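Working notes, beginning with the structure itself.
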Amino acid sequence: MMGFYDKLARCGWHPRPADVDAVLATLPMPRFCQAAPSLKDTGNRDVLHWRAEEKVLGKRLPAHNQTRGTCVSQGYGRGAQDLMFIEIAIKGESEEWRGQVATEPIYAGSRVEIGGGQLGNDDGSVGAWAAKWVQQYGILLRQKYGKWDFSEPNDELAAELGARGVGVPDELEPVAKEHPVKTISQCLTGEEAADGLCNWYPLPICSDQGFTEDRDRNGFCKPRGTWYHCMLARGHCVVKGNRPAVAIQQSWNGHSPTGNDRVTLESGEEITLPQGVFLIDLEVCDRMVSQGDSFFLSNFEGFPSQLDHVLI
């Protein structure tokens with residue numbers, strides 16, 4: 001029987017540096033340090049992105065429950081979703097929350113329209129391809145679009161659409177393009193990760209770093225083994241003992257990791273980590289993003305408030 005760590009080793013990220021470079025060549029300011037020089041050395045605060053989700057919905061959404069190698073779309077789907085919450089709740093955009101982001105089109109579009117079907121029928125994708133998809137094409141929501149139903153997570157549908165020569169249905173591409181993530185920028189260091197996260201920019205991280213399955217008494221998972229995985233960084237905090245940490249959202253097996261989810265911060269505040277979230281040390285994050293396939297998301301073209309069109 002395939003064990004937990006065996007499954008995670010195959011969860012869906014393909015390291016392809018040449019393809020990352022090809023995407024970077026299309027961007028006017030490909031590096032985060034180029035795109036946001038004024039944010040350097042601002043990453044020393046407690047900024048937890050799920051607080052925007054709580055503010056908009058009054059609750060936390062559960063972890064994704066990935067069942068095959070779709071992790072890149074899981075990370076970028078939830079990253080774009082967090083960006084929507086942040087722009088509404090934190091940045092005061094006059095937009096409405098219309099629903100969760102569908103991961104299946106991100107998976108298919110990244111592999112076929114952006115990646116050109118290079119992976120054949122093998123599961124998985126490249127972080128840069130998903131970043132380019134949400135920037136160039138945009139996102140769709142968890143709802144029905146004609147005969148296409150993305151209302152519920154469906155990794156089998158993702159695989160069907162992500163097969164070579166299939167891709168996102170042509171009639172849905174113009175719909176997705178109404179709601180792009182306008183800016184993507186590569187993160188290469190732990191310091192950049194902290195700076196961006198502390199300024200409310202979601203960061204899907206693709207790397208081969210594995211972790212333990214259980215959080216320790218401080219909410220951390222220790223580095224262990226190899227996972228070819230994409231996971232979303234959902235914030236930064238300083239844990240008691242002056243320990244900088246990045247909060248990581250897991251998508252494989254929605255209830256993993258287990259263990260302690262209560263964390264005391266250096267500020268004295270006690271927080272409860274959301275389902276599927278664990279902490280990692282900043283130096284571990286540095287090793288992960290240094291592999292080159294992690295991109296900040298910013299400037300989402302959201303859904304205008306219908307209140308603008310109501311005559312009072």
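Since every read-out is calculated from the coordinates, none of them should be taken as a lab result. Being a predicted model, the structure only gives us computed values, none of them experimental. Counting neighbours? That spans all protein chains shown, and the Cβs are built from the backbone with ideal geometry, glycine included.
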Task: Three semi-axes of the equivalent ellipsoid, the chain, Cα gyration tensor, whole Å, largest first - done: 27, 24, 19
- [ ] State the answer as a single residue: which of PHE150, VAL239, LEU161 lies farthest towards the positive end of the charge dipole of region 131-268, with beta carbon charges of +1 for Lys and Arg and -1 for Asp and Glu, about the Cα centre.
- [x] VAL239
TODO: Only Cα pairs under 8 Å and at least 6 apart count here; give the relative contact order of region 213-257 as a rounded whole percent.
DONE: 35 percent
Open item on the list: At R0 = 25 Å, how high is the FRET efficiency between ASP41 and ARG243 if r is their beta carbon distance? Nearest 0.05 is fine.
Closed with: 0.85
Task: Debye, to nearest 20: dipole size of the chain, +1 on Lys, Arg Cβ, -1 on Asp, Glu Cβ - done: 380 debye
- [ ] Go ahead and set up a Gaussian network model of the chain, Cα springs under 10 Å, then flag whichever of GLY109, GLY127, GLY241 fluctuates most.
- [x] GLY241
TODO: Starting with the fewest neighbours, write out ASP214, ASP19 ranked by other beta-carbon atoms found within 10 Å of each beta-carbon.
DONE: ASP214, ASP19
- [ ] Would you mind computing, in nm to one decimal, how far apart the modelled labels at ASP216 and SER267 are, each placed 7 Å from Cα along Cα→Cβ?
- [x] 2.4 nm
Task: Positive-end extreme of charge dipole, the chain - chosen from ASN299, ASN253, PRO17 (charges on Cβ) - done: ASN253
Open item on the list: Could you tell me the relative contact order of region 10-100? Use alpha-carbon pairs under 8 Å, at least six residues apart, and round to a whole percent.
Closed with: 34 percent
Task: TRP227, TRP129, TRP148 arranged by Cβ crowding within 10 Å, fewest neighbours leading - done: TRP148, TRP227, TRP129
Task: Options ALA130, HIS49, GLY117, ranked by Cα towards positive dipole end of region 16-134, top entry (Cβ charges) - done: HIS49
Task: Label-zone membership for region 93-133, site ALA163, 7 angstrom Cα→C-beta point, backbone N under 19 Å - done: 104-125
Open item on the list: Under the 0.36 nm per residue contour assumption, what length would be gained going from the current alpha-carbon distance of LYS177 and TRP97 to full extension?
Closed with: 27.1 nm
TODO: Output the pairs from LYS55/LYS222; LYS59/LYS144; LYS59/LYS91; LYS55/LYS240; LYS55/LYS91 with a Cα-Cα distance over 22 Å in this structure; if there are none, say none.
DONE: LYS55/LYS222; LYS59/LYS144; LYS55/LYS240
- [ ] Springs between alpha-carbon atoms under 10 Å, Gaussian network over the chain: tell me which of ILE205, ILE139, ILE271 tops the mean-square fluctuations.
- [x] ILE271
- [ ] Using Cα centres only, tell me the gap between region 148-176 and region 34-61 in whole Å.
- [x] 30 Å
Open item on the list: Please report the net charge: other residues with Cβ closer than 12 Å to the Cβ of GLN34, K and R +1, D and E -1.
Closed with: +1
- [ ] Run the numbers on region 4-297 and let me know its relative contact order in percent, using alpha-carbon pairs under 8 Å that are six or more apart.
- [x] 26 percent
Task: Residue of ALA18, ALA131, ALA35 that the Gaussian network model of the chain assigns the largest fluctuation, springs spanning Cα pairs under 10 Å - done: ALA18
Open item on the list: Can you sort VAL126, VAL166 from fewest to most other Cβ atoms within 10 Å of each residue's own Cβ?
Closed with: VAL166, VAL126
Open item on the list: Which residues does the label zone of ASP208 cover in region 112-134, counting backbone N under 16 Å from a point 7 Å along Cα→Cβ?
Closed with: 125-127
Task: Neighbourhood charge, 14 Å Cβ-Cβ cut-off, centred on VAL23 and excluding it, Lys, Arg +1 and Asp, Glu -1 - done: 0
Open item on the list: So, R0 is 35 Å and r is the distance between the beta-carbons of LYS55 and GLU156; what FRET efficiency does that work out to, to 0.05?
Closed with: 0.55
